[in-house]
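Notes follow the structure.
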Amino acid sequence: AIVSFVFFVIWELTAKHPVIDLTLFKGRNFTSGTVTISIAYGVFFGTVVLLPLWLQSTLGYSATDAGIASAPVGILAIIFSPIVGTLLGKHDPRYIVTVTFLIFALVRYMRADFNTEVDLGTVMIPTFNQGAAMAMFFIPLTTITLSGLDPHRIPAAAGLSNFVRLVFGAFGTSITTTLWENRAALHHAQLTEIARPGKPAFDMAMAGLHGKGLNQTQSASLINNLINQQAFTISATDIFYASAIIFLALIVLVWFARPKKMSAGSGDVAAAAH
């Protein structure tokens, strides 16, 4: 893969009519916009996948209940979407993206406070708030990415930006689920250091389970399942918290762009390119 990538870069940079115009990355706005939207999309998509996965595998939610918990994201998105184009004609898109990332960070921070006793309503509140950020996510960043480009370069720029974003989305999903498993194993090991014979809490729990008719193996298995549930929950909240920090850091990155003042119809152009 590395050899192929190096060959690809050399080929595209030296070809007279390259399939992918890598010289687009010489542009400050294109590079800043593409990197920002790609990283943000990877983090966003990874946590979008993680939430229902955690609800179903750890908390025992059905697929229907996990879907209901994720459904409110569309409410504010529908309400705010028509407004974004108007805002782009009057305001610097970097301000809009800043607000977007602040909302995304807040949503992840709220989820970082989840525990195994969380109810469906509490799960739905951050998801509902995320809808506002969704409406302001793609179009302003696409506008920044395409800002200042000659009209004939916009199709190539839009295609390359979307390709990089989708690649980062795929990587984000894989990295998030892998980190979730790895940190769950770490937290499981840390929790089992406490849940072992000789510790008062463990001995009391085992005695209580024995009193209910469970043998040593059954009692240990039940406690291990509880530890697993806690470990995967703590791991998920770790990722949500880290995601909040990443979104805050991306606010700095987006301000490296210097987009030109947008016309009233630029939002529609960016939406079409996206």
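Odds and ends about this structure:
- Mean separation of Cα contacts under 8 Å, 6 or more apart, over the residue count of the chain: relative contact order %: 36
- Remark: the range 157-173, residue by residue, has Karplus-estimated 3J(HN,Hα) of 5, 5, x, 5, 4, 5, 4, 4, 4, 5, 5, 5, x, 5, 5, x, 5 Hz, where x stands for each Gly or Pro and the curve is 6.51 cos²θ - 1.76 cosθ + 1.60 at θ = phi - 60°.
- Between Asp113 and Ile194, the simple spin-label model (points 7 angstrom out along Cα→Cβ) gives 2.1 nm.
- Placing pseudo-labels 7 Å out from each Cα toward the beta carbon at Leu226 and His17 gives an inter-label distance of 7.0 nm.
- For the listed peptides 79-92, 221-234, a ranking on the average number of other beta carbons within 10 Å per residue, highest first, reads 221-234, 79-92.
- Dipole of the range 162-259 computed with +1 at Lys/Arg Cβ and -1 at Asp/Glu Cβ about the Cα centre; of Ile251, Gly213, Gly198, farthest Cα towards the positive end is Ile251.
- For Gly148, the residues 5 or more places off, or on other chains, whose built amide H falls under 5 Å of its own are Lys260.
- Charge-dipole axis of the range 119-198 as Lys and Arg at +1 and Asp and Glu at -1 on Cβ define it, positive-most pick from Phe138, Pro151, Phe171: Pro151
- Using a simple spin-label model with pseudo-atoms 7 Å out from Cα toward Cβ, Ile175 and Ala201 lie 3.3 nm apart.
- When the chain is treated as a Gaussian network with alpha carbon springs shorter than 10 Å, the biggest mean-square fluctuation among Trp180, Trp11, Trp54 belongs to Trp11.
- Sorting Glu193, Glu117, Glu12, Glu181 by solvent-accessible area of protein heavy atoms yields Glu117, Glu193, Glu181, Glu12, largest first, with a 1.4 Å probe.
- Taking amide H atoms as placed 1.01 Å from N in the peptide plane, the amide H of Leu59 has no partner under 5 Å among residues 5 or more positions away or on other chains.
- Summary of the geometry: the range 13-34 and the range 121-181, compared by the centres of their Cα atoms, lie 19 Å apart.
- GNM result for the chain, Cα springs below 10 Å: residue of Ala249, Ala157, Ala77 fluctuating most strongly: Ala249
- Computed from backbone phi, the HN-Hα couplings of the range 223-237 come to 5, 5, 5, 5, 5, 4, 4, 5, 5, 5, 5, 4, 4, 5, 5 Hz, rounded to whole numbers (Karplus: 6.51 cos²θ - 1.76 cosθ + 1.60, θ = phi - 60°; Gly and Pro given as x).
- When the chain is treated as a Gaussian network with alpha carbon springs shorter than 10 Å, the biggest mean-square fluctuation among Val118, Val99, Val107 belongs to Val118.
- HN-Hα J in Hz across the range 133-140 - Karplus 6.51, -1.76, 1.60, θ = phi - 60°, x for Gly and Pro: 5, 4, 5, 10, 8, 6, 5, x
- Dipole of the range 42-138 [Lys/Arg +1, Asp/Glu -1 at C-beta], most positive-end residue of Leu106, Phe45, Ser81: Ser81
- Charging the Cβ of each Asp and Glu at -1 and of each Lys and Arg at +1, and nothing else, the dipole of the chain about its Cα centre rounds to 740 debye.
The values are calculated or read from the model by the stated rules, or taken from the named source; none is laboratory data. The shown structure was predicted, so the numbers you read here are calculated from the model rather than taken from an experiment. Reconstructed Cβ throughout: ideal geometry from the backbone, glycine too, with neighbour counts over all protein chains shown. Side chains included, ligands, DNA and RNA excluded: accessible areas come from the protein's heavy atoms. Shrake-Rupley method; radii C 1.70, N 1.55, O 1.52, S 1.80 Å.
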